[in-house]
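The values are calculated or read from the model by the stated rules, or taken from the named source; none is laboratory data. For clarity, every value in this text was computed on a predicted model and none was experimentally measured. Neighbour counts are summed over all protein chains in view; Cβ atoms, including those assigned to glycine, are modelled from backbone coordinates with ideal geometry. These accessible areas exclude ligands, DNA and RNA; they are computed on the full protein's heavy atoms, side chains included. Shrake-Rupley method; radii C 1.70, N 1.55, O 1.52, S 1.80 Å.
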Amino acid sequence: MDLDLSPKLAKKLYGENAGSYHAWCPDELPMLRQGNIGAAKLALEKDGFALPRYSDSAKVAYVLQGTGIAGIVLPESEEKVISIKKGDALALPFGVITWCYNKEDTELVVLFLGDTSKGHKAGEFTDFFLTGPNGIFTGFTTEFVKRAWDVDDATVKSLVGNQTGKGIVKLDANVKMPEPKAEHRTGMVLNCEEAPLDVDIKDAGNVVVLNTKNLPLVGQVGLGADLVRLEGNAMCSPGFSCDSALQVTYIVRGSGRLQVVGVDGKRVLETIVKAGNLLIVPRFFVVSKIADPDGLSWFSIITTPNPIFTHLAGSIGAWKALSPEVLQASFNVDAETEKVFRSKRTNDAIFFPPPK
């Protein structure tokens, strides 16, 4: 497998003073096309409004920074208007219409990771805008718009021509947007920074897993996700996805060292990862990370709603399940060496604190 697995940064596709939209390109990160994965980021400045749109792909959205308001319309359902903040994860199934608005001084940044297997282009999201010069109104003739929405010529002209901004526009500070409703967050959002921890290891790290139990819409999206936080100089156990799922990882904060081992025991990647990097680990390849002194956090999607991982080190490592005789024969070592090997990492699972 001779693919470039090195982490990449997103490239700006459009946007000016109200905000910008960035995406990772399959030509630069071939695993996107290979794995049918899309990845993009939306950044909204103060009073920035991301116009209503729908996409050809199911996605998980993760708020990297700031606060804002989002509108979500599921097929044949009412609009849900929710407040969003750093750490929020949202599952966005096929056919969902979304918009987003930032009324605060802090830039609002939202990450989108999703499955493009049913999209127009492998490894890329295609958005369909409801309004603006590239919106669906513009493609129909006046007659069709008049008959479909039962309006006159003057109204058609306004609907089609008044909004000149593409994708992201800046609203007047006095514009009134709908107020979010607290009850609308229920079942739509999980804040990964506030949710109960699925794994928490002292001085090493913790993880929150997004699955069908804590966010049922994940089942419709077909993707699971997790937020992993490693303490400074801690290590994440070498492991692999054992259900043929791809792991798509965005580095949220900090930096660290990463190694990936593939077929025939070949190390296919050894690199430094930093905030803003995106990387994809191929199916069944083994990955491990060691955080730099300031720690390392990442948000991942896994291409199955309830992922299963096999860890190769630690108290739940696969080696612990094998009998001593099998390990001796496999490593071609004596009983004493096997005993030393088995006696280590009996308490630490998944994450390992820095060496003392």
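Taking the Cα centre of the chain as origin, sum charge times position over the Cβ atoms of Lys and Arg (+1) and Asp and Glu (-1), and report the length of that vector in debye to the nearest 20.
Value, rounded to 20: 320 debye.
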With all protein chains present, the chain has a carbon and sulfur share of its accessible area (1.4 Å probe) in percent of 52
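I need the GluC sites (Glu not before Pro) found in segment 187-283, filtered to DSSP loop residues with at most 16 other beta carbons within 10 Å of theirs. Working shown, then result.
Working: sites: GLU193, GLU194, GLU231, GLU270; in loops: GLU193, GLU194, GLU231.
Sparse-neighbourhood loop GluC sites (Glu not before Pro): GLU193, GLU194.
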Can you match Kirkwood radius over Cα pairs in Å to one of these, (i) 22.8; (ii) 22.1; (iii) 20.8, based on a calculation from the structure here?
(ii)
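On average, how much accessible surface per residue is there in the chain, in Å², for a 1.4 Å probe, leaving out ligands, DNA and RNA? Each step should come with its number before you reach the end.
Numbers: 17420 Å² over 356 residues.
Heavy-atom accessible area per residue stands at 49 Å².
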Go through ARG267, ARG342, ARG283 and list them by solvent-accessible area, largest first, probe radius 1.4 Å.
ARG267, ARG283, ARG342
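Given a Förster radius of 45 Å and the C-beta distance between ASN174 and ASP198 as r, what FRET efficiency does 1/(1 + (r/R0)^6) yield to the nearest 0.05?
It comes out at approximately 0.50.
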Order by accessible surface, 1.4 Å probe, largest leading, for residues GLU76, GLU183 comes to GLU76, GLU183
